[in-house]
Structures are given as C-alpha cells and as structure tokens.
Amino acid sequence: MGNEYECDIKGTVSAENEEIYNAEAQKDYEEGEVKFRDHHSLREPSSSLTFKKSEIQIYPQRNSEFILQRKGNEFIARVGKDGSVGLSALRAIYTVNAIFMMGIILVFCLQLILFLFLGLTINMGLTSTGVSLDLGDFLGTLLSVPLFVFSLASLMALAAAFVGDSWNGHSFLNHATKLRGVAMEWISLAMFIVIPMLVAIIFLFGQNDEWWAYTILTWFCCVFALFSFFSIFVLFYEIAGTFELIRKFEHYTEIDYNTSIFDIAKYAILLRQIQRYSGRENITFSVDAHSYHSTRDGLNQESETAVRSKSMSLYSKFTTWEKLQKWGLVEKTVNVRQYSIDEVRDVAPFITSSSWSLEKLFCRSRNKMFIAVVNGKNALTPIQLRSSFLCNIMGNVLIILLLGAFLHWLALGIGASILFIILVAFLMGGPIYLTYKNYLMVKGDGKKKEDDENNEIIYDVRESYRVNKITPAVVWTIFALEIAILYIWPTIILFVIGNIPIASF
C-alpha cells in the first residue's frame, strides 16, 4: 500500500499527468496492488502502516481518525476517537477568546461605518451645523463606502477564519509556518492562557483592585497579535498562490520564475478584469455518471447530454452587442469554460439519501457546487426532494414577511411595508423559480431511469462559459477608473472636508 501526498496548487492535474496517473493506476489494478493518493483538500496527509497483519490507512481529523483497514479483498471503514473532554474544553477556551476579539473588531468596524455615514448626513446639509449641500463632497464620501465596506468585511472574514482555526487546533498556522507541531502549540497556549494568567497572578499578589482590567487588556493584545500573525500569512499565501497560478497559466508561455513581480501583477489584473467584465453564458444539463467528464473546453462532446437551459445576464447580453465589437471594445471568442472554485479544487460534495439534511440544503451557499444523486439505491427520495423545495419556499416567504413586519413596527406605514415586501419578493422570485425548475429536473431524471438495470446515477451539472472578452484597452481603462473613483477621489475628499481619521484609515 503506497501513500502519495499531492498538493497541487491548481487543484487539478494536467492532461499529461492524468494520463500517466491513469496508466499507473491500471497497472496497479492488474497487479492487485492498491494505492491511496491523498487529495489536497485533506487537512493532514494520511499515514500508512501495517497492524495485526492488516494494511491500515489513517486520515486524521479534528478530534478523531478515519481509518481504512484492508483485510484480503475487503476494506473496513471505521472512526477512532482521539479527543477528550479536556481537549474540547481547551479548544473551547481558545475559540471563546477568539470570538470576543472578533466582537471587539466588529464594534470597531461598525463605529467606522457609522462615522462615515455621519459625514454623509453632514455633507447633505441635514444637520444643524449650517453646512449646505456640497455635491462633490457628498459624492466623494458616498463613493468611499464600497471600499470601506469591502475592506471591513474582509477583516471580519479573516476574524471568522481565525475563530474556526482556533477551534480546529490552529491547523492553518501549523501548516503555514515553519513552527509546526510542538512550537506552534506552545505559542498558542502562551498567547491564549499562560501570559494572561501570569499577568492576573502578578496583580492579584500585588493587591491591585484593577487586576481584571490589566488581565483583559493583556489577553486582547495577545490574541490580537496572534490574529495579526494569522492574517499576514493568509494574505501572503493568497498573493503567492496567485503569482504561482499566473506562472503556470498555459496561455502565458512568456512567464517563468524569472519574470518580475510587476509583470506578473500586470497579468493578474488583466485576468481579473477579463473574468469580471466579459460576457458569460450559463448552461444546465443532465448527464450519466459514466459519460460525463469536464474537458478543458467544456462539455465532453461524446457524452449524451440533455441541455436543460441556457441563460445570460443582462450585462452579458449587452456585451454581445455587435457595435461593441466594431468599436474595438469587445472581442468575440469561442466559448471558453469558466471553472468555479469548487470545480478547480474538486471538492463538490455528494448529496445522497443518507447525507441529506433539510437545514444543510436551505443554508448552503447558492454559489457552491454539489452533486445530487437522483437515481440508484442511495438516491434522494421523493419526500426529501419535496421537503427541500417546500423549505426553500417557506424560508424565503418568512424572511420577506419578517422584514416587512419589522418595517411596520418601525412605524414606516403599511404602504411602505407592502411596497418593500413586493420589491424583495420580486428580487427573490428568480432564485425561487430556479429552485422550482431544479426540483422538476431532479424529480424527472429520477423517474426516467428508475427501472434501469445498471442503476445509473444522473448528474445535474451547471457550467459557465465566457462568450467574449473585453480588449486590453478596456481592461486598463476600467482599472484606472476603479482606482480613481473608488480610492483616490474619496480619499482626497475625506481629507478636504476634515475627516482626517477616516481618510487616514
């Protein structure tokens, strides 16, 4: 039994490597040898060993181990617990401390946004300060809102990730730094518990009545220092991963490891703008499990696919306007497959009758890819399909009514509440309709092959294709406008109107 730990930054192997791997796998199959290859999504590499004349593959998890034991031609899967109440309590202390620190950051972010909107009301002349409406100052302050909201939202996302990493035993910090294992555990213990406790002990022996204030201040400084350390490594690996992807991008053959950082950043901006502002077409289809595989250009033309629907956003339809091509703003291209993050990482979960959950499907992100098993012994049952659809409808209706009732409670009037409900219902109508169509698709596919002897599984697949791309001149024009309108102009305006603290931030 072999063990090969794979950590490919692309998330997928190239066609050449895939052919080599398939050939090796076929050879191992013919020789009766079984090899396990770790996927990059695993938190830790697996371990192979021999125990009681059996080959064992161990996959460590947070407080347990998933164990595959081979006995002859059979594999026995089991879970071994390696946690304890004390370990869970210690992790809970770490997590609670991180949540408190996250709460303090949240308060800081809300105050910053509050001061920003206070400046908006002053610039609009709605206060008693005697300041009249200045359209330039007002627009400058208003345009700074998206930048601040995005930046503070990113800060909160990092804080939330830090909370999760604290509960998981600082797995990211263990992998991101060279202080793996023992050293990182000691640093975490010192920052979360030892240093604050020593400060409390010292001030308690000194009969200081404000020992709790010094302890809390020390605790916050320690946890915030560790959070800053965590954030720096997250940003570093995101930037380094972007540069690595650009170096390996097949269409940029002139880039190698000797290319300067500025040239790589230029290509990264180019790719980002093309990805964001080019037209797209979304295709939904169903296909047999053994027929479907995603190719570099999209659908495998040899597979029997049934295209359910094709859709384009209003902006994408606008980019197909012929005059845009005549003016040199858009270049028409052959449909280019646009992969989602889940597809690149190859981590789409399977939804079966045993893994189905009403709350899981309702709370899932609509942008996340998943594979619903609609045929076979593990297929979703009709009652599960109906329950998911009805829960989605009921949840959206309750949210709309709750928001409308809250506005009515604020004494905005029944007319304003009803108008708001209609507006929100109109915005949610599209997702609800798509949910209904998906329900009919999955239900129909399940009935279509329920008598099939092979009991095939049917995949409902959604793929996105880029139908054109903006020209380099448009790329750099939009990028310059974004920097000027959303960063330079608001910063200058905030300094001019005297909002120095916000402008400096």
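Residues of segment 174-189 that are without any contact (Cβ under 8 Å) to a residue 12 or more places away in the chain and either open to solvent by less than 90 Å² (accessible area, probe 1.4 Å) or in contact with a helix residue (DSSP H, G or I) (Cβ under 8 Å, 6 or more places away or on another chain) (or both): Asn174, His175, Leu179, Arg180, Gly181, Ala183, Leu189. Considering segment 361-388, the residues that are within 21 Å of Ala348 (Cβ to Cβ) and in a helix (DSSP H, G or I) include one that is modelled with the lowest pLDDT, namely Leu361.
Candidates Leu198, Leu179: the one that is at pLDDT below 80 and not polar (S, T, N, Q) is Leu179.
In segment 457-478 there is no residue matching the filter, namely being in a helix (DSSP H, G or I) and at pLDDT below 75. Scanning segment 261-278 for residues that are assigned to a helix (DSSP H, G or I) and of a type outside the set (A, V, I, L, M, F, W, C), which turns out farthest from Ala240 (Cα to Cα)? Here the residue is Tyr277. The strands (runs of 3 or more DSSP E) found entirely in segment 24-141 that carry 3 or more residues being open to solvent by 90 Å² or more (accessible area, probe 1.4 Å) and modelled with pLDDT of 75 or more are 74-81.
The values are calculated or read from the model by the stated rules, or taken from the named source; none is laboratory data. Since this is a predicted model, take the numbers as computed values, not measurements. Using ideal geometry, Cβ is built from the backbone for each residue, glycine included, and neighbour counts are taken over all protein chains shown. Just so you know, the surface numbers come from the protein's heavy atoms only, side chains and all, with ligands and any DNA or RNA stripped out. Shrake-Rupley method; radii C 1.70, N 1.55, O 1.52, S 1.80 Å.
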